[in-house]
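A quick write-up on the structure given underneath.
The values are calculated or read from the model by the stated rules, or taken from the named source; none is laboratory data. Values in this document were obtained by computation on a predicted structure and should not be read as measured data. Every residue, glycine among them, receives a Cβ derived from its backbone with ideal geometry; neighbour counts consider all protein chains shown.
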Amino acid sequence: MPFLTDDQELIEASGVLLLASGDMFFGRGCGSTGTAVAEICFNTAMTGYQEILTDPSYASQVVVFTFPHIGNVGANSDDHEESSPQASRAARGAIFRGSITPPSNWRAVDHFDAWLRRKNIVGLSGIDTRAITRRIRETGMINGIVANISPDETVSIADLRKELETFHGVEGADLAKEVGPLARYPHAESNWEWETGFEPLADEKYSVVVVDYGVKKNILRNLSTIGARCMVVPGNTKADDILALNPDGVVLSNGPGDPAATGVYAGPEIARLIDSGTPLLGICLGHQMLALALGAKTMKMPQGHHGANHPVKDLQTGKVEIVSMNHGFTVDPDTLPEGVEQSHVSLFDGTNSGLRVAGKPIISVQHHPEASPGPQDSFYLFQRFADLMDAHKAKENA
């Protein structure tokens, strides 16, 4: 299973990462055989690899895991985050330092390598993930192609390079349409509990519409935990159709791609939701598109934020929380219009991590308050959203 270089040299390896810069990293192929062309990013989380690789926000990306060990938790049917059948896989590929180890966890029902194959995720292990991470930190995220070849196969690096040249990156790409649902569906399942697993919603207090640009399941579960029965609708749903459901609040979900591209059709509908006075909660991509609808601008980040150990400060309370993040674009705080102010900032680099709107029941965050994986420091944001819905209902009934 060799690779044929441009110099006609045969490299004995079962996997390779070829970057757009021309750099090559040879290693051991794992997961699904084939190729994955995508933007290469790194994730600093120490746990939660199954949740990460099924997060729809990773569409058109290959994830480099900085934590060197992989596989000991195995895989199961509970720890996946995609909600739509279209998002049956999120990340296109995954890169690891160490080989995948057998599972050693009471919840494991599958070997992680077998799970990768079933999810059609191309994997590569045995390479210097620190070198790739440093490269991204110094020069920014870069496009690349990962190949895992069969034992009887010889692959030309030149052919891989041609395939890589067909990928034009995520900037300017509307990827939400690739991972969102094709039709609306209800959700009423609460967070996982140690002894009982996932429980159905017991006490319904709110009716919430979730606009799905690639929503993670744990967002829906956290909404159920505050008593919200959710109706999940596709990302291209018109504001009039959303408001016809008479929701107590609307959530603009996370998702992949360039917010300016998805905002072409989503932005005007979000603007109508803003004008309706309905309480809004934006998360990640939803936060970015909310900012665009309010008149701000977004921009591509050099390396993005991907991990479960990011410090963020809540400017309203002064509290510092450790959060989960996964984004390659950010809201430019210098473009925020009058009446729109930052509510959270990243303590890593000072980038925007949240917004609130004066006089309106609107909040949003760049990070992932639902975690999965990551700490639960930001779960309070769902209760903050519930408080906005309570106040709005009280005002309507006054």
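So the values come out like this:
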{"quantity": "When residues of the stretch 364-395 are limited to those that are aliphatic (A, V, I, L, M), farther than 12 Å from Ser353 by Cβ and not in a loop (DSSP other than H, G, I, E, B), the one farthest from the chain's Cα centre (by Cα)", "calculated": "Ala394"}
{"quantity": "Search result, residues across the stretch 318-332 that are over 17 Å from Pro302 (Cβ atoms) and not hydrophobic (A, V, I, L, M, F, W, C)", "calculated": "Gly318, Lys319, Glu321, Ser324"}
{"quantity": "Per-region count, the stretch 312-337, residues of a type in the set (Lys, Arg) and either in contact with a helix residue (DSSP H, G or I) (Cβ under 7 Å, 6 or more places away or on another chain) or loosely packed, with under 15 Cβ neighbours inside 10 Å (or both)", "calculated": "1"}
{"quantity": "Which numbered condition Thr317 misses (of (1) of a type in the set (Ser, Thr, Tyr); (2) in contact (Cβ under 8 Å) with a residue 12 or more places away in the chain; (3) assigned to a loop (DSSP other than H, G, I, E, B))", "calculated": "(2)"}
{"quantity": "Residue that is nearest to the chain's Cα centre (by Cα) [pool: residues in the stretch 315-357 that are within 12 Å of Leu294 (Cα to Cα) and among the charged types (D, E, K, R)]", "calculated": "Arg356"}
{"quantity": "The stretch 236-248: number of residues that are surrounded by 14 or more Cβ atoms within 10 Å (Cβ to Cβ) and either over 15 Å from Tyr265 (Cα atoms) or of a type in the set (Val, Ile, Thr) (or both)", "calculated": "6"}
{"quantity": "Lone qualifier among Glu171, Glu178 - being in contact (Cβ under 8 Å) with a residue 24 or more places away in the chain, under 30 Å from Asn236 (Cα atoms) and assigned to a helix (DSSP H, G or I)", "calculated": "Glu178"}
{"quantity": "Some residue of the stretch 141-157 being under 30 Å from Val211 (Cβ atoms), in the same structural domain as Ala36 (by TED's automatic domain parsing) and at pLDDT below 95", "calculated": "yes"}
{"quantity": "Long-range neighbours under 6 Å by Cβ, at least six apart or interchain, first residue over 15 Å from Cys41 (Cα atoms) within the stretch 15-27, second surrounded by fewer than 16 Cβ atoms within 10 Å (Cβ to Cβ)", "calculated": "Phe26/Ile11"}
{"quantity": "Search result, residues across the stretch 201-235 that are surrounded by 21 or more Cβ atoms within 10 Å (Cβ to Cβ), among the hydroxyl-bearing types (Ser, Thr, Tyr) and touching a strand residue (DSSP E or B) at 6+ places or on another chain (Cβ under 7 Å)", "calculated": "Ser224"}
{"quantity": "Answer residue from the stretch 102-116, given it is in contact (Cβ under 8 Å) with a residue 12 or more places away in the chain and assigned to a loop (DSSP other than H, G, I, E, B) and is surrounded by the most Cβ atoms within 10 Å (Cβ to Cβ) among those", "calculated": "Pro103"}
{"quantity": "Residue in the stretch 300-311 that is within 22 Å of Ile362 (Cβ to Cβ) and buried (at least 18 other Cβ atoms within 10 Å of the Cβ) present", "calculated": "no"}
{"quantity": "Looking only at the stretch 165-196, and only at residues there that are exposed (fewer than 12 other Cβ atoms within 10 Å of the Cβ) and modelled with pLDDT under 90, the one that is nearest to Pro256 (Cα to Cα)", "calculated": "Leu182"}
{"quantity": "Any chance His344 is touching a Phe, Trp or Tyr at 6+ places or on another chain (Cβ under 7 Å) and either of a type in the set (A, V, I, L, M, F, W, C) or under 20 Å from Glu370 (Cα atoms) (or both)", "calculated": "no"}
{"quantity": "Matching strands (runs of 3 or more DSSP E) fully within the stretch 1-88 where at least 1 residues are at pLDDT 95 or above and crowded, with 23+ Cβ neighbours inside 10 Å", "calculated": "15-19, 24-31, 34-43, 61-65"}
{"quantity": "Failed condition for Lys162, given (1) within 22 Å of the chain's Cα centre (by Cα); (2) exposed (fewer than 13 other Cβ atoms within 10 Å of the Cβ)", "calculated": "(1)"}
